[in-house]
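The values are calculated or read from the model by the stated rules, or taken from the named source; none is laboratory data. A quick note: this is a predicted structure, and the numbers were derived from the prediction, not measured. Using ideal geometry, Cβ is built from the backbone for each residue, glycine included, and neighbour counts are taken over all protein chains shown. Surface areas here come from the heavy atoms of the whole protein model, side chains and all, with no ligands, DNA or RNA. Shrake-Rupley method; radii C 1.70, N 1.55, O 1.52, S 1.80 Å.
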Amino acid sequence: MERKIRVLIVEDDEDFAYLIRKTMEIHDDIEVVGVCGDSRKAVDTACNMNPDIVLMDLHLGSSTMEGITASREIRVQTDAKVLIFTAHDEEEVLEEAAKQAYASGYILKNQMSLLVENIYALMEGVTGQEKLLLHMALSELTEAEKTVFWELMGKPAGVRVAKKTRANQTTMMLGKLNLANKRDVKHVFRNLRSQE
């Protein structure tokens, strides 16, 4: 038998978390490895359990930023793909999540029927939505910073730049992406590197 898809559910509404779990358990090839109701526990559990997919509600605690921050931390610290599963459909929330969460997918809670097929799609490879979300995360970079980014990802642009200028552009790129170092950039965006 093939290995099961390991899913971590991050949802602070206990009734809805139960519904998601029951939906997952119908499928023999999906295993729910945990359910968390807050962002800190979600990150810790993801690091300890090493799930394949984290279903992430954006609004944990007091704001949507908790879900976005937890998603970003999980993407940096683990190999899990994050599928945002939320009731928020406001354009500004979607845009903020797309640019900062580094999620691999995004579906709304009223699209429950699409949940399992999205999980399967993410396990099969890099989806169009995943590529789109990662490219949106790069949208705040200047052209020079994008050049630094793509060079870091192994695509030399052939542009010669002074060492100090390149260091400054790298610092600016890391700051805008809210990532600590080049290793984190390569890890979070590794699916772009393999597909471009």
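Checked against (1) open to solvent by less than 10 Å² (accessible area, probe 1.4 Å); (2) touching a strand residue (DSSP E or B) at 6+ places or on another chain (Cβ under 7 Å); (3) farther than 23 Å from Glu92 by Cβ, Glu130 passes all but condition (3).
Of all residues in segment 38-57, those being over 9 Å from Ala70 (Cβ atoms), in a helix (DSSP H, G or I) and among the β-branched types (Val, Ile, Thr) number 1. Write out, first by first residue and then by second, each pair whose Cβ atoms fall under 7 Å of each other, whose residues are 6+ apart or on separate chains, and whose first residue, in segment 148-176, is on the phi > 0 side of the Ramachandran plot while the second is exposed (fewer than 15 other Cβ atoms within 10 Å of the Cβ) and assigned to a loop (DSSP other than H, G, I, E, B). Qualifying pairs under 7 Å: none. The selection criterion, being more than 21 Å from Leu192 (Cα to Cα), buried (at least 16 other Cβ atoms within 10 Å of the Cβ) and of a type outside the set (Val, Ile, Thr), does not hold for Ala98. Being touching a residue at least 40 places away in the same chain (Cβ under 8 Å), open to solvent by less than 50 Å² (accessible area, probe 1.4 Å) and either within 27 Å of Asn181 (Cα to Cα) or under 13 Å from the mean Cα position of the chain (by Cα) (or both), is that true of even one residue in segment 32-52? Yes, segment 32-52 has at least one match. Annotation: of all residues in segment 1-23 being crowded, with 19+ Cβ neighbours inside 10 Å and at pLDDT below 95, the one that is nearest to Asn110 (Cα to Cα) is Ile20.
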